[in-house]
1. Given a cut-off of 31 Å, name the pairs among Lys141/Lys499; Lys371/Lys530; Lys196/Lys523; Lys74/Lys241 whose C-alpha atoms lie farther apart than that in the structure shown.
2. Highest mean first, how do 350-361, 19-30 rank when packing is the count of other Cβ atoms within 10 Å averaged over residues?
3. Just to be sure I follow the definition: excluding the sites themselves, where is the longest run in the chain that has none of the GluC sites (Glu not before Pro) in a DSSP loop with at most 15 other Cβ atoms within 10 Å?
4. Tabulate in residue order the Karplus-calculated ³J(HN,Hα) for region 486-495, using 6.51 cos²θ - 1.76 cosθ + 1.60 with θ = phi - 60°, rounded to whole Hz; enter x for Gly and Pro.
5. So, counting K/R as plus one and D/E as minus one, what does the shell of residues with Cβ under 13 Å around Asp292 add up to?
6. Under 24 Å Cα to Cα from Lys73, which lysines show up? Leave out anything in the same chain fewer than 8 places away.
7. Just to be sure I understand, if you calculate Cα extents along the principal axes in Å for this structure, which of (i) 78, 58, 49; (ii) 73, 62, 57; (iii) 70, 61, 45 do you get?
8. For the cross-link pairs Lys161/Lys188; Lys188/Lys441; Lys22/Lys133, which exceed 29 Å when the distance is taken from alpha carbon to alpha carbon?
Amino acid sequence: MTKTKMDHEKQGRVHPRVADLKNQFVKGQLDRREFLRTTTLLGLSAAAAYTFADTFDVELPSLISSAEAATPKKGGILRCGMQVQDMSDPAVYDWVEKSNVTRQMCEYLTITGPDNVTRPMLAEKWVPSDDLKTWTFHIRKGVMFGNGDELTADDVVVNIKRWLDPNVGSSMVGMLNTMLDEVDGKDKDGKAIKVKRMIEGSVEKVDDHTVRIHLKSPDLSIPEKMYHYPAAILHRSFAEKGANITKTPDLGTGPYTLTEYRVGEIAILKRRGGGFKYWGDDPLLDEIHYIDTGQDAAAGLAALASGQVDAIYTLDLTLLGAAQNMPGVTVHEVTTAQTGCMRIQGERAPYNDIRVRQAMQLAADNEQMLKTAHQGRGQVAENHHVCACQPDYAPLPKIARNVGKAKQLLADAGHGGGLNITCNVGNTNGQWETDQVVVLKQNLAEAGINLNVNVMPAAQYWDVWDKADFSLTVWTHRPLGTMLLGVAYRTGVPWNEAKYSSKEFDDLLTQAESTVDIDKRHKIMAKVEKRLQDDAIMIQPYFRSVMNATSDKVKGIGVHPTNYHQWNKVWIDS
């Protein structure tokens, strides 16, 4: 540990870039959203950042209106209609629904609220080095696991090492790439391959309540990445005890414990008893029941209408009008970076010819897909998977739809007489997925491409989602474009379903992650986005608004852009 770093931490000095960001904000060179986000990542408290921005203070993310906050009531049961999935190991979660059950009993080092600002959670603060290559997390003292043990640095270190173990297969590998090296390894069949493995010494226990992370290159977004939904902090014995949180709910620090759990049926969480003292503000609800209402969206809304549940996880577009006209029900909506990405694997014919992929993009009408498949609720996208609602988005020149050019590209690629292809879709988040592919089918037909729409059961889709040449996969919101791109398109990461590999892209993404200066970061992100566009590995037509619906008796609830259930301040007005 260098003297500079020691002085930095002992004196509590804020990062030197904070002063620059304040000046940029005062001069109008930086918008409020980016000021709040960046200064808090650099260690300024959320209260101080909000105060400087001449706004209200928000100590923890909440969706409670001032009127509701005045008269909260403690107690009661909240019943939510949501799929109850197999959720044994949080490190390998691939659905937000799994994490929503778990996040009531397990917590994270940080927490990102609906306002896109990341705040301390199990870490009471963090201190980045001036070069953003060393991050020191100070763990809260007195935080207890359900089994009676205190949370310490040992637990955090064990979790981080486990996330980055290639044998575990966590998507955190894509988030924490700057802690990894590529080494020789073997696949399950014994074939020699390159694997990513944690660099020795990249996570360090400084003392019982301090953990330091060392990166091989700077990364501004480390605190945000610690709230990626597979990053729940579990007791250090979790793997030894079978790596199944449903059987060991006492290995989390959250205020609730799992008392009943049946996949496809129900998950019941109750306030921890036995003298357990929760470290944070006590939640208002006594119990949270997740009731599986099945794949049929109408069944969930019917359950809400009949009073069997008080909230539903998501509201299908086809039912929006019905929900809005339902007495005693409120619809909550937010624009997000959630999307249905139709990614293309370029390893096999005909997709290994970039002209075919480019023709598909040019023939696609992204605006029509948004209007027809998602009722126009969202934002048109640009085939690079970064959303205008994300602060690192860089606008690119618009590329007009060009069916004539698409035909010429196909002819040049030897498909002037037509081309037959197939797109898999699982309707994992609603009928809009199939509707989107059907519109694409119509678009491609104008260029001489016959698209077969292969509608699959959702469970069957997840067996092939990263194997088929062309498929629609629903990706959830992340607060940053770099976070999404790192987990989805970086070479060799577990969720890289496009099997994409570009050193130029990887290097540019790493540069973007490490750049604090907003103007410079946007210039780099423009190159990142353009690289993805030019390589034509996806048709990503729009980012969608997401909705849920709740009974009016549920107070302090809304919809988080990632559909996370942050419910400590939710209460029932009975």
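Nothing in this text is a laboratory measurement; each read-out follows from the coordinates by a stated rule. These figures come from a predicted structure and were not determined experimentally. Methodologically, a virtual Cβ is constructed for each residue, glycine included, from the backbone with ideal geometry; neighbour enumeration extends over all protein chains shown.
1. On the way: Lys141/Lys499 43 Å; Lys371/Lys530 25 Å; Lys196/Lys523 29 Å; Lys74/Lys241 35 Å.
Flagged as over cut-off: Lys141/Lys499; Lys74/Lys241.
2. 350-361, 19-30
3. Working: sites that count: Glu59, Glu200, Glu240, Glu265, Glu347, Glu446.
So the longest stretch without any such site is 60-199.
4. Ordered by residue, 3J(HN,Hα) equals x, 7, 10, 10, 5, 4, x, 7, x, 9 Hz.
5. Values: positive: Arg79, Lys98, Arg262; negative: Asp86, Glu97, Glu260, Glu265, Asp296.
It works out to a net charge of -2.
6. Here the lysines satisfying the reach criterion relative to Lys73 are Lys270, Lys277, Lys553, Lys555, Lys569.
7. Of the listed options (i) 78, 58, 49; (ii) 73, 62, 57; (iii) 70, 61, 45, (ii) comes from this structure.
8. Working: Lys161/Lys188 21 Å; Lys188/Lys441 37 Å; Lys22/Lys133 22 Å.
Pairs exceeding the cut-off: Lys188/Lys441.
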